[in-house]
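Computed from the coordinates by the stated procedures, all read-outs in this text should not be read as laboratory data. Just so you know, these numbers come straight off a predicted model, no measurement behind them. In this analysis, Cβ positions are derived from the backbone assuming ideal geometry, glycine residues included, and neighbour counts consider all displayed protein chains.
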Amino acid sequence: MVDSGRIIARGTADELKAQVGGERVEVVVHDPRQLADAAVVVRRCCIGEASVEEHSRRITAPSTGGASRLVAIIRELDEAGIVLDDVGLRRPTLDDVFLTLTGHVAEDAAIREADEAGELTANGEASISPAGRPAVSLRAAVNDSAVVTWRNLKRVPRIPELAIFAILQSVMFVLLFAFVFGGAIDVPGGGYRAYLMPGIFAQNLAFAAATTAIGITDDMNKGLVDRFRSLPMARSAFLTGRTLSDVVYNAGILLVLMLSGLAVGWRVRDGVLQFLAGCALALLFAYAMSWLGVWLGQLVPTVEVANQVAFTTIFPITFLSNNFVPSDTLPAVLQPIAEWNPVSNLTAALRELFGNPTAAPSGSFPSEHAVILTVGWAVLMVAVFAPLATRSYRTTSR
């Protein structure tokens, strides 16, 4: 644990939390003028000194007795005419450890830094965000996100098995579909291997969500989130850093897939600019899928469950598509689903940009506007899953 660049404690999350003690009562008072009276009541009902955070109107104190003690505190506060916005019983977090060891909350360190940087408001206070934390400047948020991104990327050389097995899996998919199914599937307008490779690209990028979900769940179970929350850093950095690092990671996987495709006969036919546009579109889609993974990873308790949930969610949409066979060969009831599937749209867009056979029904909107649809799906997924993931992050503690 670090305070203003100085290490103040070492240990795992559980070891640090053990220094604070057991459960804690947390009360948020509606009227700031009642904060002092509420603190007196909480101190009388609890077993230790209560800490008061004036800017968030929050009172926290160690307690015993579980829910029955909490009910007693609420009853006394009600009898005293004190209105509450929130009340709860929780385990200690690393924020509590930070407060115990330093005598101030992590936000106070950020306020001091803002003072030194000349970023206080005219009345001498730090700008406070709606969540009750000092507002972080855009430059600081970008800096924090870059640090977390680099932290995630450093895992690749430190755990080379991650990259090795990802590369082997990518090559295996190319060889399996190209040589096992290649002779059995006839594609109008070109060879099956040229038709196949954009589908392989899209499938692997869709499964980026599974990689992200597993990584998020692993970090949360290790107590990393609590460690980040105890530091004066942008809370968005943890999520943004994960998605950006996964985009870089998937760019490497995409490069391996393309080299494997070149080895089995796949070629780009439409020039460098179209090729670069296709790569950018593929990575945009991977970024959007990473936000789905961030959200899923926070909903499940263990890495094993994250793996099952992610693959159960993503596996059907990668095969109910035009990735490996033309959509008009599917049963009639499944054809519209396959054509409007975001993975199908990405695959069709890559085939169009790379100059590969499309074998798509002419005249259908998805086949005529695959690039626009793919961009639309990516924007929609980020717009939906980024807020959901951020909200879940703010309320989740393990």
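Laid out as a table, the results:
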quantity: Equivalent ellipsoid, the stretch 60-104 (semi-axes from 5 times Cα gyration tensor eigenvalues, Å); calculated: 24, 13, 9
quantity: Exposure proxy order (Cβ contacts within 10 Å, fewest to most) of I200, I337; calculated: I337, I200
quantity: The stretch 223-364, relative contact order [Cα under 8 Å, separation at least 6], %; calculated: 27 percent
quantity: Percent breakdown of C-alpha pair distances by 10 Å bin, ordered from the shortest bin, for the stretch 244-398; calculated: 10, 34, 35, 16, 4, 0
quantity: Gain in span if fully extended, V180 to R391, counting 0.36 nm per residue against the direct Cα distance; calculated: 71.5 nm
quantity: Order of T302, T313 under a 10 Å beta carbon neighbour criterion, fewest first; calculated: T302, T313
quantity: Convex hull projection area averaged over all views, the stretch 316-398, Cα basis, nm²; calculated: 7.0 nm²
quantity: Student exercise, the stretch 188-342 dipole from Lys, Arg, Asp, Glu Cβ charges, in Debye to nearest 20; calculated: 300 debye
quantity: Residue-wise HN-Hα coupling along the stretch 280-288, computed from phi with Karplus coefficients 6.51, -1.76, 1.60 (Hz; x: Gly, Pro); calculated: 5, 5, 5, 6, 4, 5, 4, 5, 5
quantity: For the stretch 149-258: relative contact order, % (alpha-carbon pairs under 8 angstrom, 6 or more apart); calculated: 45 percent
quantity: Residue order, fewest to most surrounding Cβ atoms within 10 angstrom, among D219, D144; calculated: D219, D144
